[in-house]
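Computed from the coordinates by the stated procedures, all read-outs in this text should not be read as laboratory data. The shown structure was predicted, so the numbers you read here are calculated from the model rather than taken from an experiment. Please note: Cβ atoms are built from the backbone with ideal geometry, for glycine as well, and neighbour counts cover all protein chains shown.
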Amino acid sequence: MPPKTPDIRYSRDHEWVRLDGDIATIGISDHAQEALGDLVFVELPQVDRDLEAGEACAVVESVKAASDVFAPLAGKVVETNGAVVDEPALINGDAEGEGWLFRLEIDDPDAVEALMDAAAYAAFLEEEGA
């Protein structure tokens, strides 16, 4: 199933990014939440934490497995979504919307261009056999 929102970019680790100036909102893709199943626990990075691109920075856990969430871009965490900590199922219901995980003030806004657009992500999922 292709991603729902065309303005979102995707990483090979199944995170999504929506850029607003130099602030990136980040979450796990709809595909990732489907693969994990019903989420029961979320751990988010601390506000003001500096992240490197590719760094494990959060955890989402379902009844099946725990999975690291990787920062798709480098930057400083400026906000986290406490609602998903209190109610992890928000991610299952709207992974690429209300189920966002954290926001980064990114170091390099151009770095988002290296991430996949919706069409490229859909092709990547097909290659993976997802």
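Labels on offer are [x] 13.4, 37; [y] 14.6, 44; [z] 15.3, 48, and the one holding Rg and Dmax of the Cα atoms in Å computed from this structure is [x]. Computed from point charges on the beta carbon alone (+1 for Lys and Arg, -1 for Asp and Glu), the dipole magnitude for the chain about its Cα centre is near 200 Debye.
Taking a virtual spin label 7 Å from the Cα of Ala114 along the C-beta vector, which residues in the range 49-65 bring their backbone nitrogen under 12 Å of it? Only 52-55 fall inside the zone, counting backbone N under 12 Å. The H on the amide N of Val40, modeled in the peptide plane, is under 5 Å from the matching H of Glu61, Ser62, Val63, each at least 5 residues off or on a different chain. Derived scalar couplings between HN and Hα for the range 57-65 equal 9, 8, 9, 10, 10, 10, 5, 8, 6 Hz in order, rounded to whole Hz, by the Karplus curve 6.51 cos²θ - 1.76 cosθ + 1.60 (θ = phi - 60°), x for Gly and Pro.
What do you get for trypsin sites (Lys or Arg not before Pro) in the range 32-130 restricted to DSSP loop and a cutoff of at most 15 other Cβ within 10 Å of the site's Cβ?
Those that pass, being in a loop and sparsely packed, are Lys64.
Tell me which of Ala24, Asn81, Asn92 sits at the most positive position along the dipole axis of the range 9-112, charges placed on C-beta atoms (Lys, Arg +1; Asp, Glu -1). Positive-most Cα among the choices belongs to Asn92. Using the rule -39500 (n - 2.57) for each DSSP H run of four or more residues, divided by the residues of the chain, the 222 nm mean residue ellipticity is -5500 deg cm²/dmol.
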